[in-house]
1. Could you check the range 34-55 and list, in sequence order, the residues that are part of a strand (DSSP E or B) and either open to solvent by less than 30 Å² (accessible area, probe 1.4 Å) or of a type in the set (A, V, I, L, M, F, W, C) (or both)?
2. If you go through the range 14-28 one residue at a time, do you hit one that is touching a residue at least 24 places away in the same chain (Cβ under 8 Å) and touching a Lys or Arg at 6+ places or on another chain (Cβ under 7 Å)?
3. With respect to V85, is the statement that it is hydrophobic (A, V, I, L, M, F, W, C) and modelled with pLDDT of 90 or more true?
4. Tell me which residues, restricted to the range 1-33, are open to solvent by 80 Å² or more (accessible area, probe 1.4 Å) and either modelled with pLDDT under 90 or farther than 30 Å from Q84 by Cβ (or both).
Amino acid sequence: MFTTDATVPDVKATEPVQRRLAEHGVKPGEHYLDSGHPSADLITAALKRGTRMVTPVLLDHSAQAKAATGFDKNAFAIDWKTRQVRCPAGRAARTGTR
């Protein structure tokens with residue numbers, strides 16, 4: 001069981017829950033979550049540890065998506081393995097490393 005204060009966002013509980021499950025020898029191969037728990041960094045880190053997070057992706061509420069002008073985040077393709085982002089024009093850019 002893992003409990004936080006009501007003011008703590010769900011995304012802050014994801015990694016501690018996964019860590020505690022692993023410590024107790026019950027690390028899941030798949031971890032099903034609602035949309036409040038994931039982030040791109042958490043999904044990538046969990047996958048490296050052998051846990052695939054199954055979770056809905058939040059909708060894009062950016063100004064571009066609402067106005068249907070310009071490019072919203074869905075216009076860009078992200079390849080997490082190669083750490084590259086491809087723009088709508090087809091050009092690729094490498095993301096920074098940590």
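1. Going through the range 34-55, the residues part of a strand (DSSP E or B) turn out to be 52-54.
Selection gives M53, V54.
2. To start, the set of residues in the range 14-28 that are touching a residue at least 24 places away in the same chain (Cβ under 8 Å) comprises 14-15, 18, 22, 27.
Retained after the next criterion (residues that are touching a Lys or Arg at 6+ places or on another chain (Cβ under 7 Å)): none.
The answer is no, given that none of the residues of the range 14-28 is touching a residue at least 24 places away in the same chain (Cβ under 8 Å) and touching a Lys or Arg at 6+ places or on another chain (Cβ under 7 Å).
3. On the way: hydrophobic (A, V, I, L, M, F, W, C): yes; modelled with pLDDT of 90 or more: no.
For V85, the condition - hydrophobic (A, V, I, L, M, F, W, C) and modelled with pLDDT of 90 or more - is not met.
4. Selection gives M1, T3, D5, A6, T7, K12, R20, E23, H24, V26.
The values are calculated or read from the model by the stated rules, or taken from the named source; none is laboratory data. Computed from a predicted model, the values in this text were never measured in an experiment. Reconstructed Cβ throughout: ideal geometry from the backbone, glycine too, with neighbour counts over all protein chains shown. When the accessible area is computed, the model is the full protein with side chains, heavy atoms only, and any ligands, DNA or RNA have been set aside. Shrake-Rupley method; radii C 1.70, N 1.55, O 1.52, S 1.80 Å.
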